[in-house]
Amino acid sequence: MPRKPKTHNTNITSGLKRRASTIARGIRPWIRKSWWHRIFALLMVFVILDVCGMYAIAQWYIWQNRNKPLELGATFIADYAEHLGVDPHETLDAVINDLGVKHLRLVGYWDSIEAKQGTYDFSGLDWQFAAAEKANVKISLAIGLRQPRWPECHMPDWAKTENKSQWYPQLQDFMTKVIEHYHNSPALESYQLENEFFLTVFGKCTDFDRQRLVEEAALVKKLDPNHTLIINRSNNGIGLPIGEPTPDLFGVSVYKRVWDQTVTHRYFEYPFPAWFYGTLAGGGKILTGKDLIIHELQAEAWTPASYDIKDAPISELYKSMNPDRLKDRFEYGEATGMKRMDLWGVEWWYQMKAKRGAPELWDTAKAEYQKAQQANSTL
């Protein structure tokens with residue numbers, strides 16, 4: 001009797017067997033390899049899954065915020081303008097009326113307001129509030145011991161000789177006076193408490209007690225429950241702010257290009273893509289229900305220790321921040337999906353324009369602020 005021809009199913013079965021045999025031959029060497037190879041392979045799988053999850057969270061957050069207006073603000077520090085050799089009043093006027101900034105982060109240093117114990121001088125901050133009120137500009141007021149700019153912790157000399165049991169109640173008295181003085185200002189929108197409190201590697205600060213931060217947050221909300229309380233974290237760290245205290249809003253600083261004076265002694269560009277910060281914002285939103293803002297977006301040169309930014313060669317300054325990099329920085333911030341950003345460096349832009357004959361940074365920033373305002377008008 002003649003043999004029956006092979007059927008189509010038989011061909012498929014044979015093909016599957018051959019493929020299975022090929023896969024088995026490929027897997028067998030890995031099975032025979034050491035545990036280190038297997039652990040490495042598993043770690044790679046976990047890393048890939050983790051990155052994919054982070055990216056998905058970021059894209060979700062960016063999509064959620066796609067139709068919200070982009071609020072571009074700026075940090076302004078009168079003392080820093082003076083250091084750069086420009087008049088603070090002229091600088092702030094230009095920031096408000098030429099750049100068109102509608103949101104300012106201002107500082108109230110303890111050592112400036114209470115240079116002498118028990119004597120409070122608010123004149124250095126009052127004129128800034130008056131300028132903002134006149135132009136209908138909103139203010140986030142930094143409050144507490146740690147505030148933006150070196151040495152970060154601005155403790156008056158008279159308090160430095162005392163231990164914590166003495167200076168801490170005095171700090172609380174100072175904060176109380178500040179809140180009582182400004183809480184009725186129509187320009188005041190929020191308080192930013194203890195700038196980057198847990199950043200232990202930067203600044204002349206010695207006390208990082210979480211309980212102090214918890215108590216200060218409670219004090220601010222008790223004295224003024226009607227304004228937003230913001231607590232800021234530092235940049236680039238992986239992690240979400242899920243511990244106490246719980247503010248109304250979280251902030252994050254974003255720095256991209258810095259001078260590494262510890263190891264390489266070269267300019268260093270942080271490799272994080274913009275969506276990394278979208279992950280921080282989205283993850284925080286999911287876990288806490290609170291939004292994240294960029295309270296400090298680096299838009300200022302970071303010079304080697306041998307230079308002072310106020311008179312360093314422009315060629316050196318432009319290695320870390322030039323007009324093209326500044327434009328990219330605005331775009332990078334927007335790409336995170338966060339819709340509120342305070343730029344860092346407006347005093348320097350103005351000094352470059354007014355004193356050093358280099359208006360390009362100022363002009364670039366002005367174009368970006370105007371572009372954001374035009375885009376918001378279409379929403």
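The values are calculated or read from the model by the stated rules, or taken from the named source; none is laboratory data. Keep in mind that what you see is a predicted model, and the values were worked out from it rather than measured. Methodologically, a virtual Cβ is constructed for each residue, glycine included, from the backbone with ideal geometry; neighbour enumeration extends over all protein chains shown.
Would the stretch 17-38 turn up any residue that is closer than 30 Å to residue 296 by Cβ and at pLDDT below 95?
Among the residues of the stretch 17-38, not one is closer than 30 Å to residue 296 by Cβ and at pLDDT below 95, which makes the answer no.
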Of residues in the stretch 243-290 being assigned to a loop (DSSP other than H, G, I, E, B) and among the hydrophobic types (A, V, I, L, M, F, W, C), the one surrounded by the most Cβ atoms within 10 Å (Cβ to Cβ): 272
Positions within the stretch 107-132 being under 15 Å from residue 185 (Cα atoms) and loosely packed, with under 15 Cβ neighbours inside 10 Å, in sequence order: 123, 126, 127, 130
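Sort out which residues of the stretch 328-355 are part of a loop (DSSP other than H, G, I, E, B) and surrounded by fewer than 17 Cβ atoms within 10 Å (Cβ to Cβ), and write them in order of number.
First, pick out the residues of the stretch 328-355 that are part of a loop (DSSP other than H, G, I, E, B): 336-339, 345, 355.
If the condition is that a residue be part of a loop (DSSP other than H, G, I, E, B) and surrounded by fewer than 17 Cβ atoms within 10 Å (Cβ to Cβ), then 355 is the only one that fits.
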All positions within the stretch 187-211 that are closer than 18 Å to residue 75 by Cα, in a loop (DSSP other than H, G, I, E, B) and among the hydrophobic types (A, V, I, L, M, F, W, C): 187, 197
Single residue of the stretch 187-225 satisfying the filter (touching a strand residue (DSSP E or B) at 6+ places or on another chain (Cβ under 8 Å) and among the β-branched types (Val, Ile, Thr)) that is modelled with the highest pLDDT: 220
Residues located in the stretch 105-139, provided they are within 21 Å of residue 166 (Cα to Cα), outside any loop (DSSP other than H, G, I, E, B), in contact (Cβ under 8 Å) with a residue 60 or more places away in the chain and not β-branched (Val, Ile, Thr): 110
Of the criteria (1) within 19 Å of residue 79 (Cα to Cα); (2) surrounded by fewer than 19 Cβ atoms within 10 Å (Cβ to Cβ); (3) hydrophobic (A, V, I, L, M, F, W, C), which one residue 135 fails: (1)
Subset of the stretch 66-78 [modelled with pLDDT of 95 or more and out of contact with any strand residue (DSSP E or B) (no Cβ under 7 Å at 6 or more places or on another chain)]: 68, 69, 70, 77, 78
Residue in the stretch 223-231 that is under 22 Å from residue 255 (Cα atoms), of a type outside the set (Gly, Ala, Ser) and surrounded by fewer than 21 Cβ atoms within 10 Å (Cβ to Cβ) present: no
Those residues of the stretch 150-172 which are closer than 16 Å to residue 113 by Cα and surrounded by 14 or more Cβ atoms within 10 Å (Cβ to Cβ), in sequence order: 152, 153, 154, 155, 156, 158, 159, 167, 170, 171, 172
